Amino acid sequence: MALDEKSAAILADAKKKGVQFADLQFVDVLGTPKNGEITISKLEDVLSEGLWFDGSSIEGFTRIFESDMFLKPDPNTFAILPWSDGKVARIICDVYLDDKTPFEGDPRNVLKRNLKKAKEMGYEFYVGPELEFFLFKRDSNGNPTQVPHDNADYFDLAPLDEADTVRQNVVPALEAMGIEVEMSHHEVAPGQHEIDFRYRDALTIADSVITYKTVTKSIAKRFGLHASFMPKPVAGINGSGMHTHQSLWKDGRNAFFSADGKYKLSDVARHYIAGLIEHSRAITAVANPTVNSYKRLVPGYEAPVYICWAMQNRSALIRIPKYQEGKHSATRCEFRSPDPSCNPYLAFSAMLSAGLDGIKRKLEPPEPKEENLYELKDLASGANDIKTLPGSLDEAMAELKKDKVIQEALGEHVLAKLLESEKEQYDSYRLQVSKWEIDRYLGVI
């Protein structure tokens, strides 16, 4: 089969630059990157014909008696790994059951399916996630510790920020792989950092999230450090979030903008926000999929707990960034609960589906809450009629099981596999006896 123009161009470029290997990457249901490596001599055949592989051992894929699966490389994702001395390239693949049938359990296919639904309504979905991470020291054996790499604070600079050199290596590597970085900085907690990249269409950004995590971990290791995207790796300090800015575009214009609307938001934006609020508790099982996620979603830190929206109020679940005159394209909402342990393809699918449901049903959001919610004394009693996000993975799973819209967004296969994996995780966690319990109870009971 002859190569299309794009595939022929990247093959020629790879050969010209001396690339020796190509990594064929995809993710499992949990968002864990998987990889099969081929030599450059095989790349032309794989680009034109795809590649069969055994999917039976991939989390959330197929059973042993139906294991044959098919990888189709997306030539738009071709990039040379900056730390490989030009020897290794990466191509993200879609997973198929055969050469024509997309696999319903492929998270990338799930997002594509939901983006198609948005397109049928006339919309394109743009997102800009902010992934926070920690840099930890390694012990003498090279194993990760919980010791932060530095003791700096928000927006500190060197010498307090001891990781500026690390970020200055990560950023060019990301840009070399096609990710447009807007800013990098030290975050609030010791050893915590953030690198922000420019918003784009949701599929490109979901690919970029996986790339961002891989690049950051790989370069941190070269500095003798461990980069962790765990939501709450250290007790008593801020956890790491993946605040997700999002908007819908129609006919080349931001459908969220209205010159006459409150906060410059259109009816479409309000309905979308109402949909996020309506389905937020079910989204949590997708956007916060680990037991550890719920150590971050507690009052008193920057992570949101209360289901409401407001302008600039960072204690609200949904924040509307302040409008800047003439910047219509920047009108958006920020959904603040997701964390970087999530599978971005599934998380974006869940958020988009919720927002589209709000538009279809013309839902209206409640009045915005501009006060600091953590300082309201009657929130715990429910007197403000503000609901909260689930307080545990078990509670979040129960919400997902009740929400048909988010279930449909994921599809039957992914829904079943995700809940199965989360239940196994939660049951394993429940059976552990922690050091806290031993210290608290052993000597007195």
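Every read-out reported here was derived from the displayed coordinates using simple, explicitly stated rules and does not represent laboratory data. All figures in this text were calculated on a predicted structure; none of them were measured in a lab. When we count neighbours, we look across all protein chains shown, and the Cβ atoms used for this are built from the backbone with ideal geometry, even at glycine.
Fewest-first ordering of 392, 7 by other beta carbons within 10 Å of each residue's beta carbon gives 392, 7. Cα centroid separation, region 263-332 to region 119-134: 13 Å. A protection proxy built from the mean count of other Cβ atoms within 10 Å ranks the segments 418-428, 196-206, most packed first, as 196-206, 418-428. About its Cα centre, the chain has a charge dipole of approximately 360 debye under the convention of +1 per Lys or Arg Cβ and -1 per Asp or Glu Cβ, with nothing else charged.
Using the per-residue mean of other Cβ atoms lying within 10 Å as a proxy for protection, in what order, highest first, do the peptides 141-150, 99-108, 209-218, 334-343 fall? Could you put the intermediate results ahead of the total?
Values: 141-150: 14.1, 99-108: 18.9, 209-218: 21.3, 334-343: 25.2.
In decreasing order of mean packing, 141-150, 99-108, 209-218, 334-343 become 334-343, 209-218, 99-108, 141-150.
Taking P(r) over Cα pairs in 20 Å bins from 0, in percent as calculated from this structure, the corresponding entry among [x] 24, 58, 18, 1; [y] 19, 31, 24, 21, 6, 0; [z] 20, 40, 29, 12, 0 is [x]. For region 212-280, the residue among 257, 272, 216 whose Cα projects farthest onto the positive side of the dipole built from Cβ charges is 216. Look at the Cα gyration tensor of region 17-102: its axes a ≥ b ≥ c give a/c of at least 1.5 with a/b over b/c, and that counts as prolate. Legend: ranking of residues 249, 436, 83 from fewest to most surrounding C-beta atoms inside 10 Å; resulting order 436, 83, 249. Please work out whether region 246-304 counts as rounded, prolate or oblate from its C-alpha gyration tensor, where a ≥ b ≥ c are the square roots of the eigenvalues and a/c under 1.5 means rounded, while otherwise a/b larger than b/c means prolate and anything else oblate? Since a/c reaches 1.5 and a/b is larger than b/c, the shape of region 246-304 is classed as prolate. In the chain, taking the dipole from charged Cβ atoms about the Cα centre, the farthest positive-side position among 228, 306, 294 is held by 306.
At a 10 angstrom cut-off on C-beta neighbours, averaged per residue, how do the peptides 111-123, 260-272 rank from highest to lowest?
Packing order, densest peptide first, comes out as 260-272, 111-123.
Spatial offset of region 20-38 relative to region 99-115 amounts to 16 Å, using the alpha carbon center of each.
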